[in-house]
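To start, the structure under review is shown below, and the notes come after it.
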Amino acid sequence: MALVRRHVEQWVPPFASFVGGLTLWEVSVRLLDVPKFLLPPPTAIGAAIYDAHELLLGSLLTTAKGALAGFGLSVLIGTVAGVVLSLSRWIERAFYPYALFLQTVPIVAIAPLLVLWFGPGLRAVSVSAFIVSVFPIIASTLAGLRGVDPTLVEVFTLYGATTKHKVIKLRLPSAIPSMATGWKVAAGLSVIGAIVGEFVAGFAEGQAGLGITVLAAYRQLRTDLMFGAVLLAALLGLLLFATVTLVGNRLLTRLRVAGARD
């Protein structure tokens, strides 16, 4: 009974506010007679999603491929970069500003260069997603590795542990909570990077992504379809965030169990 009550307390308030917000939106738009091309009611958006569900699902899968490829690349390269930067203050001072540079450069400004370098389609979109999402992983990995208890580092040194063993056996496991935070941030940013990349890179073959669908709907004044594509992009970001959160929690649980056994 307590479990049911906890679930009710957790899910009912956001669901109620969501339904109330949609109802207020629907009623307000109809009472004020707002043109549908300016702000369509939720029912019109739902109808547009239903009518174009095959197009939207295909676009969703295309965008998901680019976002996942970019996110996976950012996890791999960002983690390695964070580990390398943590090995020496000199290395960090020499190369960390360039990682920060990736975060500060507007992706829209360099997206045309990505098309020139990698060609239109999935590769340019994936690189765009990577550039947007890699810095949080580098920063969180570096912070986690730097935040290890110095006493534990001294104990490992006392027992003659090499730098490799310190990183693998001590620093990386201790950095998992910080790294998981970076993964969550990067998951959402990868979708943003993929959409922006699609605005410029388009698609080379196969199905167009959600970014192209948004642009096409805008040019046709199909605001309802545009809202539908944006909604699916947001849901994709939420799905990635939830998946990364679940993976991070599983890793943390395993680490706690292993620590309890030791």
Report summary line: Checked Ala187, Ala208 against criteria (more than 25 Å from Pro136 (Cα to Cα), out of contact with any strand residue (DSSP E or B) (no Cβ under 8 Å at 6 or more places or on another chain), surrounded by 15 or more Cβ atoms within 10 Å (Cβ to Cβ) and touching a residue at least 40 places away in the same chain (Cβ under 8 Å)); the one match is Ala208
Report task. Within the range 41-59, identify whether any single residue is at pLDDT 85 or above and more than 30 Å from Gly197 (Cβ to Cβ), and answer yes or no. Result -> yes
Query - Residues satisfying the stated conditions in the range 113-138, i.e. touching a Leu at 6+ places or on another chain (Cβ under 8 Å), closer than 16 Å to Ala187 by Cβ and either modelled with pLDDT under 90 or of a type in the set (Val, Ile, Thr) (or both) - result: Ile131, Val132, Val134, Ile138
Requested in this report: Being among the hydrophobic types (A, V, I, L, M, F, W, C) and surrounded by fewer than 18 Cβ atoms within 10 Å (Cβ to Cβ) is the filter here, so list the residues in the range 56-79 that pass it.
Outcome: Leu57, Leu61, Leu76, Ile77
Query raised in the report: What is the residue count in the range 90-112 for residues that are modelled with pLDDT of 85 or more and of a type in the set (D, E, K, R)?
Result: 1
**Report entry** Residue under evaluation Trp11, criteria (1) exposed (fewer than 13 other Cβ atoms within 10 Å of the Cβ); (2) part of a helix (DSSP H, G or I); (3) over 26 Å from the mean Cα position of the chain (by Cα), criterion not met
**Finding:** (3)
Query - Wholly enclosed helices (runs of 4 or more DSSP H) of the range 66-153 bearing at least 2 residues β-branched (Val, Ile, Thr), touching a residue at least 12 places away in the same chain (Cβ under 8 Å) and closer than 28 Å to Lys169 by Cα - result: 122-146
Query raised in the report: Across the range 223-262, what is the number of residues that are at pLDDT below 90 and under 19 Å from Thr62 (Cβ atoms)?
Result: 0
Report task. Could you tell me which numbered condition Pro40 fails, if it satisfies all but one of (1) in contact with an Asp or Glu (Cβ under 6 Å, 6 or more places away or on another chain); (2) part of a helix (DSSP H, G or I)? Result -> (2)
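The values are calculated or read from the model by the stated rules, or taken from the named source; none is laboratory data. All values derive from a computational prediction rather than experimental measurement. Here the Cβ is made from the backbone with ideal geometry for all residues, glycine too, and neighbour counts use every protein chain on show.
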